[in-house]
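Some notes on the structure that comes next.
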Amino acid sequence: MLKAKNILLGVSSSIACYKSAVLARELVRRGANVQVIMTQNATQFIAPLTFEQLTKHRCIVDTFDRNHEIRVEHVSLADWADAFVVAPADANVLAKFAHGLADDMLSTTMLACDCEKIVAPAMNTRMYENPAMQYNLAVLKTRNFCILEPEEGELACGTTGKGRMEEPERIVDYLEYLLGYGKDLKGKNILVTAGPTREAVDPVRFLTNHSTGKMGYALAKVAAARGAEVILVTGPTSLEKPSYVTCVDVVSAEEMYQAVTEHAAESDIVIMAAAVADYRPKTVADNKIKKQENDSVLELTRTKDILGTLGERKRPGQILCGFSMETEHMVENSRKKLEKKNLDMIVANNLKQVGAGFGTDTNVVTLITAQGDEELPLLSKEEVAEQILDRLAEMRQ
């Protein structure tokens, strides 16, 4: 989502500077062009050479450095940037930004910027809570700065409290949300389901499947980045919750049914990417079932058909998309499901195909509608999410 985006990274003096190196590396890994400006004091914590190796650009420290192109550097950098992130932002630079001071390259460039401006404060708790600091942050908010609030935890000074710089991964998430796409889905309500369900057998055991939730989470993340209001109903996964998405945690198919039907009516687009159990134990034992000498039988009963219910209740203008995981006759079986459940589109893939299936970071899918089939090549799951949302947005229009 950040491919070819120009990111200025400002680094001020804090022990959290080590996180800035992680942030620079992650931005580059995701395709961004990154240039770093450091305060002189920040070089006491981390060397400019570190950032030069990570970004392949000269790290700028001195406002009057003569070893650069003949141009007004702070203005040219400001013109170049799509976003200016200062992480860590210490108390000193935040005060400068709030009061328009410009006595080094970092503050001078910030004053010349009219791009997106993001600051991630990092400091001692008492410094952060000081009325002067809170006043400065309030001023910055009125000037369209985004303040990434620091976290609570153990600080370098040995105390515990609010003041830890936001983690690099969350800063990157915000930049992807801010810059990754046009906001073509702004004003749309999208409901996404993800992950497996678990159907209890007894207090110890349950029935489930191999779904990891990656495809559904990618859909929720990309939809939010494109401006939609997203509700993600998720079964149990080990994934970090996507930012800027309202998450509803469920465990069983019945819980997913209740959560989905509660939110579906207000949704413009519903995408059922979860792998919901078709069956659950007919009865759940109150105590652990002991091993038997002979084979035992577990009686199962059908769970509620969430997708079928949504198809029956689909209101005019609402778009309903399902998923189909097959091991044979993929298109034929998926098309039957499309028609039977009154879907607008079904996303089909074959578990046996290389690069597709559960737990992978890629997928190979066929998008099936009443008008025809569209086979997509091997793509990352976020790229697949983009393609799915493109088609659904076209249907919505």
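The values are calculated or read from the model by the stated rules, or taken from the named source; none is laboratory data. Every value quoted in this text rests on a predicted model; they were computed, and no experiment measured them. When we count neighbours, we look across all protein chains shown, and the Cβ atoms used for this are built from the backbone with ideal geometry, even at glycine. Quick note on the areas: whole protein, heavy atoms, side chains included, nothing else; ligands and nucleic acids left out. Shrake-Rupley method; radii C 1.70, N 1.55, O 1.52, S 1.80 Å.
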Taking the chain as a Gaussian network, where each spring joins two C-alpha atoms under 10 Å apart, which residue of Arg30, Arg205, Arg335 fluctuates the most?
Arg205
Give the distance, in whole Å, between the Cα centre of the range 325-397 and the Cα centre of the range 222-299.
20
At 1.4 Å probe size, with every protein chain present, just tell me what the per residue accessible area of the chain comes to in Å².
50
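Just reorder Tyr177, Tyr244 by solvent-accessible area, largest first, 1.4 Å probe, all chains present.
Numbers: Tyr177 75, Tyr244 100 Å².
So the residues, ranked largest to smallest area, are Tyr244, Tyr177.
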Please tell me the relative contact order of the chain in percent, rounded to the nearest whole number, where contacts are Cα pairs under 8 Å and at least six residues apart.
11
If amide H atoms are built 1.01 Å from N in the plane of the peptide, which residues on other chains or at least 5 residues away come under 5 Å of the amide H of Val365?
Leu376
So what is the diffusion coefficient of the chain in µm² per second by Stokes-Einstein at 37 °C and 0.692 mPa s, using a Kirkwood Rh over Cα pairs?
138
Amide H partners (placed H, <5 Å) of Cys247, local residues excluded
Leu232
Table column - 3J(HN,Hα) (Hz), the range 195-208, Karplus curve with 6.51, -1.76, 1.60, x for Gly and Pro
x, x, 10, 10, 10, 5, 9, 7, x, 10, 10, 8, 9, 7
Here the FRET efficiency for Cys247 versus Asp103, based on Cβ atoms and R0 = 41 Å and rounded to 0.05, is 0.40
Lys19: which aspartates and glutamates have alpha carbons under 17 Å from its alpha carbon, excluding same-chain residues fewer than 8 sequence positions away?
Glu52, Asp90, Glu149, Glu151, Glu152, Glu154, Glu166, Glu167, Glu169, Asp173
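Given the pairs Lys314/Lys341; Lys186/Lys341; Lys221/Lys241; Lys188/Lys314; Lys188/Lys221; Lys214/Lys381, which are separated by over 18 angstrom at their Cα positions? Intermediate values should be presented prior to the final figure.
Working: Lys314/Lys341 10 Å; Lys186/Lys341 28 Å; Lys221/Lys241 9 Å; Lys188/Lys314 16 Å; Lys188/Lys221 14 Å; Lys214/Lys381 7 Å.
In this structure, Lys186/Lys341 lie more than 18 Å apart at Cα.
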Amide H neighbours of Lys162 at under 5 Å, excluding residues fewer than 5 places away on the same chain, with H built from the backbone geometry, are Gly153
Can you show me the helix-derived [θ] at 222 nm for the chain, built from DSSP H runs with n ≥ 4 at -39,500 (n - 2.57) apiece and divided by the number of residues, rounded to the nearest 500.
-10000 deg cm²/dmol
State the Cα centre-to-centre distance between the range 14-49 and the range 132-189 in whole Å.
17
I want to check the label-to-label distance for Thr208 and Thr283. Put each point 7 Å from Cα in the C-beta direction and report it in nm to one decimal.
2.6
Which one of Asn209, Asn33, Leu219 has its Cα pushed farthest toward the positive end of the charge dipole of the chain, where Lys and Arg give +1 and Asp and Glu give -1 at the Cβ?
Asn209
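Would you mind telling me the share, in percent, of accessible area of the range 316-397 contributed by carbon and sulfur at probe 1.4 angstrom?
Numbers: 1960 of 4190 Å².
Carbon-and-sulfur percentage of accessible area, whole number: 47.
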Mind pulling the per residue volume of the convex hull built on the Cα atoms of the range 271-397? Å³ is fine.
157
Of Phe323, Phe45, ordered by accessible area with the largest first and a 1.4 Å probe, the sequence is Phe45, Phe323
How would Leu351, Leu320, Leu239 rank on accessible area, largest to smallest, probe 1.4 Å?
Leu351, Leu239, Leu320
Which longest uninterrupted range of the chain lacks any GluC sites (Glu not before Pro) assigned by DSSP to a loop state (not H, G, I, E or B) and surrounded by at most 16 other Cβ atoms within 10 Å?
70-239
Determine how large the accessible area of Thr160 is when every protein chain is in place; take a 1.4 Å probe and give Å² rounded to the nearest 10.
110
